[in-house]
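Worksheet for the structure shown next.
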Amino acid sequence: MNRRSHPSLVTAALALVISAAILAGTTLDAGAPTPLDEARAVASHTELAQRLDAIELRVDRAALDICAEEKGPGATAHWTGNSELICHAAPEPGAIVTVLLEGATQ
């Protein structure tokens, strides 16, 4: 699985990024911006960043749901550099304590 399996979320995120780029370009091309123009641009960029953060959070939650379905409760989700989703099963009870104890005796 990869992030491309959630096209609506990725499409929305890309649309927000493109909108921000266009907004930034039009704001810079308008000549010397007034303080009000700058305040509006900052507010708009802040809103876009918040929307993008919310989209990324929903994608990550969906990834956790997918991993829980595939690997069971407590599974974790990790994204590779290629945007591939890697699911890891939850460690079995006592596994972490055993590893820590083995490491302490060496």
Any hit, segment 80-87, residues being over 30 Å from ILE18 (Cα atoms), modelled with pLDDT of 90 or more, in contact with a helix residue (DSSP H, G or I) (Cβ under 9 Å, 6 or more places away or on another chain) and not aliphatic (A, V, I, L, M)
yes
List every residue pair whose Cβ atoms lie under 7 Å apart, where the two residues are 6 or more positions apart in sequence or sit on different chains, the first residue falls within segment 74-86 and is over 19 Å from ARG58 (Cβ atoms), and the second residue, located anywhere, is surrounded by 12 or more Cβ atoms within 10 Å (Cβ to Cβ) and modelled with pLDDT of 90 or more.
THR80/ILE86
Exactly one of LEU14, LEU36, LEU23, LEU48 is within 24 Å of ASN82 (Cβ to Cβ) and at pLDDT 70 or above, and that one is LEU14
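The values are calculated or read from the model by the stated rules, or taken from the named source; none is laboratory data. Note that the structure is a prediction, hence the values are computed from the model and not measured. No Cβ is skipped: glycine too gets one built from the backbone with ideal geometry, and neighbour counts run over all protein chains shown.
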